[in-house]
Structure formats: C-alpha cells, structure tokens
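**Q** Before we start, here is the structure in question, set down as structure tokens.
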Amino acid sequence: MKFSANEDCIQVIDETTNVVNIINELTMHGTTNNEDPFYIFDIGDVVKKHQSWIERMPRVIPHYAVKCNDNDVVLATLAALGTSFDCASKVEISKVLSLGVQPERIIYANPCKSKSSIIYAREVGVKTMTFDCDIELQKIKKLFPDANLVLRIRCEAEIAQCALGKKFGCDPVIEAPKLLKTARSLNLNVVGISFHVGSGCADFPIYRKALGFCKVLFMKAEELGYNLTIVDIGGGFPGDNDKSIDEVSIIINQSLEEYFPEKHVRVIAEPGRFYVASAFTLITNVHSKKNIYNPLSDEIESTMLYINDGVYASFNCLLYDHQIVKPKLLKDHSETEKTIKTTIFGPTCDALDEIIVGANMPESIDLGDFIYFENMGAYTLPVASPFNGFPLPKVYHFIERDMWQMVRSMIPVEANDRFIEDFIGKTIEIVSTTA
Ligand SMILES: Cc1ncc(COP(=O)(O)O)c(C=O)c1O
C-alpha cells in the first residue's frame with residue numbers, strides 16, 4: 001500500500017499518479033473506513049491555477065477570497081506562492097495573518113463590517129477595506145479614520161451562479177459620486193473602486209462594462225481632489241476543470257488597456273472559486289438503496305441511492321451556490337449496461353437532502369459502491385454542518401513532486417522552520433508509486 005488516509009500529512013506523489021489511482025487505492029485497501037466521505041485535495045492544482053492566472057493576467061494581483069475555502073493547506077500554499085488575500089471577517093483576517101502574511105497583503109472586502117471588526121483591522125494593520133454606503137463611512141470615520149477605502153459599486157452579470165448585487169454595491173451612476181463627496185467631506189482616504197460581477201459568472205463582457213464605470217468614477221474622484229490608485233475587479237472567475245480563464249482574461253486585459261493604461265493604477269482581484277474548485281474531489285459511498293416498483297407489473301421503475309454526504313454537508317453548494325454536480329462511478333460499468341432513473345439522497349433524515357434527481361445511471365450500482373464528484377473545492381466545506389451526527393468529510397492532501405519542489409522553493413527562508421518540514425503542522429511524506 002502506498003497512499004494513506006491520513007489528514008495530518010501531505011503525500012508527495014509521482015507525476016504519473018492521478019486522482020482516480022489514489023481513490024482506488026485508498027478505497028480498495030480499506031485505508032479509509034469506507035463509511036465516511038472524504039476529499040482528495042490536489043495541492044498542485046492550486047499551484048497550476050496560480051501559474052495560469054499570472055500568465056494570463058500579469059497585471060492583476062490576485063487576493064484569494066478566503067470564504068470560498070479556508071482549508072489551512074490552501075491558505076498556506078497560496079501564501080507561499082505570494083498571492084494576497086480577501087478576508088471578510090476578523091477570523092479570516094487572523095487566520096491569514098497567522099500564516100505570516102503581512103497585513104498589506106489583505107483587503108478587508110466586506111462592505112458592512114461590525115464595529116469590533118473595524119477596530120480589529122486597525123489594530124492588526126489591515127488598512128484597506130471596502131464600503132458601499134454613507135453609514136459605513138460614518139462608522140469608519142469614528143473607528144479607523146486612516147483606513148484606505150475602496151468604494152464597491154454594483155455591476156451585475158446577466159448570467160451568474162450567485163448574484164451579489166441585491167446585498168452589496170452601490171449604484172455606479174447615482175450613488176457612487178455622492179458617496180465620494182461624502183467621503184471627501186469626512187476627510188476620509190478613498191483609494192479605489194471595486195465591483196463583483198457575481199460568482200460563477202458566465203457573462204464575461206460585464207467586466208468591461210464595470211471597468212468603464214470605474215474609469216468614470218476615477219475621474220469624478222479626481223475632481224474632488226482624490227488620486228485613486230486601486231481598481232478591484234472582484235471575483236466571478238470559473239474554476240471547474242473543464243473551464244478556463246482564457247476568454248475572460250482577454251476581455252479584462254483589453255479593458256484595462258483601454259480604461260487604465262496608466263501603470264501606476266494597481267489592479268487587484270478577489271478570485272475564490274477559480275483557485276480551489278477543481279482541486280478537491282469528493283468521494284462518497286452508497287450505504288443504502290431502495291427500488292421503486294411499478295405496483296401493477298412489479299417491475300423496478302426507478303431507484304433511490306443513499307450516500308454518506310448530502311446537502312447539509314458538502315452538497316450545501318446545491319442550495320447556496322447553485323452548483324450542478326456530476327456523479328462519477330469508481331467501478332467500471334459497460335456502456336451497454338442497462339440504466340435506470342436514479343435519485344441520490346444524502347444521509348440525513350430530511351427529504352430536502354437530495355443531490356441528484358432522476359438521472360439515468362447503471363442499474364447495478366449497489367451498496368458499498370463509490371461515487372465521486374469532481375470540482376468540489378468551492379463553497380462546500382466551510383459551509384458544511386454535521387447535522388444529524390454525520391461526520392464531515394476528512395481531507396487527504398496530495399501534491400506532485402515537481403509542484404511540491406516549487407512550493408518549497410517559494411517559501412521564504414525565515415519561514416522554513418514553520419512551513420517546511422511540517423507544512424503548517426502536516427508532515428511531508430514522499431510516496432513513490434514506481435518503486
Ligand atoms: C466580496 C467578494 N469577493 C470575492 C468573492 C469570491 O468570488 P468568486 O468565488 O466568484 O471568485 C466573493 C464571493 O462571494 C465576494 O463576496
């Protein structure tokens with residue numbers, strides 16, 4: 001046996017090993033107890049995403065949106081790679097600071113903050129924060145008058161998994177200029193404009209429109225005596241393994257050239273999904289099955305499978321993130337095998353706990369079979385609850401050898417003691433699959 005089901009280590013693997021090999025081995029050798037769901041986290045996938053970001057949008061400095069997946073190894077890897085961070089709460093800020101990240105690398109991108117969080121941000125030196133209304137400005141004036149403020153405007157994609165404009169962002173034409181004036185009258189330091197087009201955006205030209213609004217507001221701010229230097233293009237970037245940022249990056253680069261050719265303007269983004277979605281694969285197990293019979297003919301009409309993770313845990317993404325998940329079977333099934341309408345439920349007592357409805361799946365799927373789901377890294381684990389006493393999935397970490405060398409080499413020397421031999425408390429195990 002080569003791989004182990006051990007949450008406390010990072011297994012460094014050969015380039016020839018893929019996720020399915022790992023799942024097969026972990027499940028066949030019974031290293032997992034097979035009753036509980038688990039994740040395979042491919043750390044190298046995060047590294048590759050970062051490389052792709054830098055290649056495609058070299059001007060845009062990524063601030064990873066911690067809310068999307070606050071797994072310690074995700075954060076430590078991104079910190080080592082040199083990304084900055086978007087935090088939305090005190091706890092997120094403190095988690096990122098605890099990795100040795102300088103406060104200047106954090107944007108507090110929550111336009112509506114509690115008083116104590118603003119005070120905390122001031123105390124720990126996180127100066128850059130967003131706002132989108134006058135009452136927030138009054139609050140900041142009292143609690144952190146030296147903060148660097150980024151005005152969040154609303155510019156929503158027509159197609160997005162999660163729209164955010166109902167809750168955050170001011171109208172860019174009517175409200176934003178007024179808010180700039182209010183900030184000026186309070187003698188506050190506005191440094192930039194931000195937007196979020198919606199998470200899981202599929203309407204990429206919207207970034208151009210939003211950048212156009214930013215340009216106008218840069219000019220309006222200048223009339224008020226401000227010299228804005230930050231454009232924050234938010235999140236919304238695709239992250240699944242069958243999607244890329246090729247198309248959206250072309251639109252963003254061209255729009256930046258058009259509206260912000262001046263290189264002193266710092267362009268930042270807050271990608272979440274992009275970095276982590278495809279890095280996590282969830283492995284579930286069928287623990288129960290119920291056939292539905294036609295009362296007249298007694299033939300099986302459809303079937304119901306019950307698996308060990310559901311909408312109260314990882315699949316909360318169906319409800320909150322409007323994800324579409326695709327089940328894959330670990331066992332081989334012939335293409336000619338008879339299929340049957342199958343509904344997949346999670347383990348809890350709630351009928352809402354329904355993951356897949358009426359999909360055609362092989363009839364022979366049985367108790368103990370494994371069903372895995374790719375692209376499960378975004379907005380899954382941080383929201384999951386152990387409702388009904390079902391344990392949350394464990395996460396097993398893997399990384400290809402050359403990717404690990406790269407992460408290692410990027411960790412600053414003074415951080416070595418803390419980060420390397422045990423990377424944030426995880427031991428490093430070199431697993432050779434060829435030996
Ligand atoms: C303020 C803010 N920034 C960034 C993100 C991350 O967005 P995404 O995962 O679409 O990149 C979110 C997601 O809700 C957000 O609210």
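The values are calculated or read from the model by the stated rules, or taken from the named source; none is laboratory data. If you're wondering where the values come from, they're calculated on a predicted model, not measured in any experiment. Every residue, glycine among them, receives a Cβ derived from its backbone with ideal geometry; neighbour counts consider all protein chains shown. Only protein heavy atoms, including side chains, enter the accessible area calculation; ligands, DNA and RNA are left aside. Shrake-Rupley method; radii C 1.70, N 1.55, O 1.52, S 1.80 Å.
**Q** Here are ASN375, ASN360: which of them is within 16 Å of the ligand (Cβ to nearest atom), polar (S, T, N, Q) and modelled with pLDDT of 95 or more?
**A** Answer to the check: ASN375.
**Q** Which of the strands (runs of 3 or more DSSP E) found entirely inside the stretch 271-359 contain at least 2 residues meeting this: in contact (Cβ under 8 Å) with a residue 40 or more places away in the chain and within 30 Å of GLY234 (Cα to Cα)? Spell out the reasoning first.
**A** Values: elements: 280-293, 300-307, 327-329, 339-345.
Ranges flagged: 280-293.
**Q** Scan the stretch 39-60 for residues that are in contact with a strand residue (DSSP E or B) (Cβ under 7 Å, 6 or more places away or on another chain), more than 14 Å from the ligand (Cβ to nearest atom) and over 20 Å from GLY425 (Cα atoms) and jot them down. First the steps, then the outcome.
**A** Step one: list which residues in the stretch 39-60 are in contact with a strand residue (DSSP E or B) (Cβ under 7 Å, 6 or more places away or on another chain), which gives 39-44, 53, 59-60.
Those still in the list that are more than 14 Å from the ligand (Cβ to nearest atom) too: 39-44, 59.
Within the stretch 39-60, ARG59 is the sole residue that qualifies.
**Q** Return the only residue of LYS113, LYS166, LYS139, LYS95 being more than 30 Å from ASN316 (Cβ to Cβ) and of a type in the set (D, E, K, R).
**A** Working: LYS113 fails: more than 30 Å from ASN316 (Cβ to Cβ); LYS166 fails: more than 30 Å from ASN316 (Cβ to Cβ); LYS95 fails: more than 30 Å from ASN316 (Cβ to Cβ).
Going through LYS113, LYS166, LYS139, LYS95 in turn, the sole match is LYS139.
So that you can scan it fast, the table gives a plain yes or no per residue for (1) away from the ligand (no atom under 12 Å from the Cβ); (2) under 19 Å from ARG152 (Cβ atoms):
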site: SER199; (1), (2): no, yes
site: VAL216; (1), (2): yes, yes
site: GLY225; (1), (2): yes, no
site: GLN254; (1), (2): yes, no
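**Q** Only one residue in ASP369, ASP350 is crowded, with 16+ Cβ neighbours inside 10 Å and either modelled with pLDDT under 95 or among the acidic types (Asp, Glu) (or both). Which one?
**A** On the way: ASP350 fails: crowded, with 16+ Cβ neighbours inside 10 Å.
One residue alone meets the criteria, ASP369.
**Q** What is the one condition in (1) open to solvent by 10 Å² or more (accessible area, probe 1.4 Å); (2) touching a residue at least 60 places away in the same chain (Cβ under 8 Å); (3) of a type outside the set (Ser, Thr, Tyr) that CYS68 does not satisfy?
**A** So CYS68 meets the others, but not (1).
**Q** For LEU137, which of the numbered conditions (1) touching a residue at least 40 places away in the same chain (Cβ under 8 Å); (2) under 23 Å from the mean Cα position of the chain (by Cα); (3) in the same structural domain as LEU188 (by TED's automatic domain parsing) fails to hold?
**A** Here LEU137 clears every test but (2).
**Q** Could you check the stretch 9-125 for helices (runs of 4 or more DSSP H) lying wholly inside it with 2 or more residues that are of a type in the set (S, T, N, Q) and modelled with pLDDT of 95 or more?
**A** Values: elements: 19-28, 43-56, 72-81, 90-97, 115-124.
It comes to 43-56, 115-124.
**Q** Tally up the residues in the stretch 74-92 that are crowded, with 20+ Cβ neighbours inside 10 Å and away from the ligand (no atom under 14 Å from the Cβ), please.
**A** 6
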